[in-house]
Amino acid sequence: MTPGLSIALLGLLLLASPVAAQETSPEAQERRRDKLETILRTQDLRTPHDGGLVSALSDSDPVVRERAARAFGSLQDSAVIGPLTRMLTEDAPPIQEAAAFALGQTGIALSQRGREQLEYDLIWKRLQSTSARDRLIEEISKFGTASGLNDLLVTVGNTYPLTSVRAITMAIARFAVRGIVSDDAVRYLLRFIKPVETFGWETAYAFQRIGDHALTRASLEELALLWRSPDPLVRLNVAVLLGKLKDMRTSEVPLERMARYDADWRVRVASLRALGQLPLDQSPATLDVYRELFFDARHAVAVTAISSLPASAVRAAKDHPVCVEIRNQLSVIARNEARNFEPELQGEAAIALARISGAEALPLLRSMRTGDPRALSRLATAYAATADTGAIADLERLSAHHVPAVAIAAFEGMRDLARAHPADPGLNERAYASIITGIEDTDPPVVATSAELLSDTLLRRPASVGLLIDALGTLRSPTDLDARLSIISALGALGDQRAIAGLQSLLNDVEPAVGRGAAGALARLTGSDYTRLIPYRQPGYVDFDFGFLAELPDTVSVRFETVRGGFTAALYPRVAPFTVMNFLKLAERRRLFDGIAFHRVVPTFVAQGGDPREDGWGGPGYSIRSEFSSIPYGTGVIGMASSGKDTEGSQFFVTQSPQPHLDGRYTVFGEVTGGQDVVDRLQIGDRLLGVRVERESE
């Protein structure tokens, strides 16, 4: 995908339609502007029930109709499925595309019966008469049932000549993400195995999303040859597939070669992960690829070589020279006496040693000297990974650490240790006694994590309910929103009727997400649906600065300066106007991003930053609403992180490879236009020095 191309084109579609030029008078333009502002207000305030947005679906202005349809893609209001369905045959193709997108987003909210009825209508009555056919096929796969997948294959997949191949392929993948797979779907994909040179990454992605399947296994030798594809995205997804199939005979050599020699670092990372899923117990020599890559120049490869090392295989052949050397090298990295290794590598080495050696690793872990919170957090994980009951004292010590991330890791380690010894009541009680103290902590993330852990089956106690209810009363939205939602979820999981009254009072909370969370918890406790009792609440934070938006160009060029170098991006205010405005104001007026670290980097997935706390729990002090669009998450797409719909703030992420499972679920507001290699080199803890808008006058 050419950087910026797909989003730029969509942005133009949002601005105009093929018949938009019919209204060019100043009066007509002003009427349109007023209507579009009304649509944006309604979408942001989440007030489709006032009827204005519904009437906009039948407005005489096609631009207004299109914008209204796209707004319902974020609102996801099932009451307008009828009007949206009728829009699939409008004269303007952009309107049909917008309606198809909104239907896919909205179908998710329907009951099983509602989904079946909608998919039948769309597939058998609408699909052949709309120009948005490919978009509609993909959208159906977001909510469709097994019958819907079968009907799509019958009506489109089995026709000759083949049409809508990419759309059907991605639909099969999206169905598979939701656990819906069929033999006919696999047969459809198998048509495209040859030739290797033209095999598309989307097909490889669909195969790996389906995973282990009898028909895939029957063609495994042919699929394995795709490691020679010229497309790195094909090789990446084939590596993932081979890891899921766990066939040593066919997969060991291709995965080892890709891990060692592939020109694309993402393929090497995916291959290391996949290789670690194979039964390497009887092939210790293959483990040498991990040892060699502990010291790879590409940080992501080195981290993955350690974190994905198959510990069971190293244990099984512990006296083999390769395995002996692996343990020795890991010990050197974990001790880090010469401070040659970064905290992330040091911590991952400690975890790997713990998984390999169990209790024998405890002396080394206790001798580690580091004050870096990243290494200490991983040290807590390592103590738990030994599965030795003696590690509980070490975890208790770390749980009192002043850095919340370290305390959180220690609490999570206690839970994991308790899971490893479910029949040890003494250990279980010690873990519970420590974790319950987190409920009274002053740091909301510590409170939230403790609440989540106390809902674990092993740690559930009636005594927790009162403390959780008390803690809920001390937290405030929006700054403590995530913590409140965690406690609400825990109360629902604990199953104690004493929580009902308190949860019912939260249905009327000023933060809509809290009301939705309370309704979900009450449903678990009572079996009743409380969603209809949630009153409308205007969001606590709104910013209708339409003057600011009007001054923005169709695309806003920005430059991100990091300690690894700079990368440029195009932001799209016509796609996600309030998100872009929020981001720009945080960057230029509050300078919120200056000096903030990227707190989360998952190689081949995303680099995430924008958190003032630098631990994934922070934000600007308010929440904004989700602005979903049909833009796909390709490589270099910039999206907003969230803990659920309408909980976005300042945290954002940049993708390092296509992530179709994020499509329509997270707000897209920009795309990298230069310097993707910088994004790919980012590490946890690397700082974003600042975000600067690149204006033409500069």
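Brief remarks on what is shown
- The lysines within cross-link reach of K645, meaning a Cα-to-Cα straight distance under 30 Å and a gap of 8 or more places when in the same chain, are K35, K142, K585.
- If you wrap region 462-537 in the convex hull of its Cα atoms and look at it from every side, the mean projected area works out to 4.3 nm².
- Semi-axis lengths, largest first, of the ellipsoid equivalent to region 484-630 are 36, 20, 13 Å, with √(5λ) applied to each eigenvalue of the Cα gyration tensor.
- Between helix 404-420 and the chain: long-axis angle, C-alpha atoms, 0 to 90°, nearest 10: 70
- A297 paired with T442, simple spin-label distance in nm, labels 7 Å along Cα-to-beta-carbon: 4.8
- Acute angle (nearest 10 degrees) that the helix 26-45 long axis makes with the longest principal axis of the chain, alpha-carbon atoms: 40
- Summing charges over neighbours of T568, with a neighbour being any other residue whose Cβ is under 9 Å away from its Cβ, gives 0 when K and R count +1 and D and E count -1.
- Spatial separation of Cα centroids for region 194-248 and region 320-338, in angstrom: 34
- Centre-to-centre separation between the Cα atoms of region 23-39 and those of region 107-152: 34 Å.
- Charge tally in the Cβ shell below 14 Å around A263, where Lys, Arg are +1 and Asp, Glu are -1, A263 excluded: +1
- Relative to the current alpha-carbon distance between L162 and R590, full extension at 0.36 nm per residue lengthens the span by 148.7 nm.
- The alpha carbons of region 323-381 give a radius of gyration and a Dmax of 10.1, 30 Å, in that order.
- Positive dipole terminus of the chain, leading residue within P512, L189, P478 (C-beta point charges): L189
- Anisotropy class of region 232-366 from Cα gyration tensor, a/c 1.5 cut: oblate
- Fully extended contour minus Cα-Cα distance, from S367 to H49, at 0.36 nm per residue: 108.2 nm
- For the chain, the longest principal axis of the alpha carbon atoms and the long axis of helix 112-121 meet at an angle near 50°.
- Alpha-carbon centroid distance for the pair region 557-596 / region 268-305, whole angstrom: 36
- Once backbone amide H atoms are built at 1.01 Å from N, I624 has E648, G649 as its partners under 5 Å, excluding neighbours fewer than 5 places away on the same chain.
- Simple rule: put +1 on each Lys or Arg Cβ and -1 on each Asp or Glu Cβ in the chain, find the dipole, and look at G52, L491, A316; the Cα lying farthest toward the positive end is A316.
- Note that region 382-392 has calculated 3J(HN,Hα) couplings of 5, 4, 5, 5, 5, 6, 9, 4, x, 6, 4 Hz, one per residue in order, obtained from phi through the Karplus relation 6.51 cos²θ - 1.76 cosθ + 1.60 (θ = phi - 60°); glycine and proline are x.
- Shape of region 91-133 from the C-alpha gyration tensor: oblate (a/c of 1.5 or more and a/b not above b/c, with a ≥ b ≥ c the square roots of its eigenvalues).
- Put a dot 7 Å past the Cα of L215, heading toward its Cβ, do the same for M248, and the two dots end up 3.0 nm apart.
- Taking the convex hull of Cα positions in region 546-693, its mean projected area over all directions (nm²): 7.6
- Estimated 222 nm signal from helices in the chain, with DSSP H stretches of n ≥ 4 weighted -39500 (n - 2.57), rounded to 500: -16000 deg cm²/dmol
- Unit Cα scatterers, Debye sum, region 275-329: log10 I(q)/I(0) for q = 0.20, 0.22, 0.25 Å⁻¹: -0.62, -0.75, -0.94
- Calculated on the alpha-carbon coordinates, the convex hull of region 5-189 measures out at 124 cubic angstrom per residue.
- Each Lys and Arg contributes +1 and each Asp and Glu -1, all at the Cβ; summed about the Cα centre of region 279-433, the dipole is approximately 200 debye.
- An ellipsoid equivalent to region 358-480, defined through the eigenvalues of its Cα gyration tensor, has semi-axes of 25, 18, 9 Å when rounded to whole angstrom and sorted largest first.
- Just so you know, the Cα atoms of the chain work out to an Rg and Dmax of 26.4, 84 Å.
- Sequence ranges 663-671, 181-189, 339-347, 98-106, ranked by mean other-Cβ count within 10 angstrom, highest first: 98-106, 663-671, 339-347, 181-189
- In a simple Cβ point-charge model (Lys, Arg +1; Asp, Glu -1; nothing else charged), the chain has a dipole of about 800 debye relative to its Cα centre.
We did not get these values from a lab; they are worked out from the coordinates using the rules stated. Values in this document were obtained by computation on a predicted structure and should not be read as measured data. Virtual Cβ from ideal backbone geometry, glycine too; neighbours counted across all protein chains shown.
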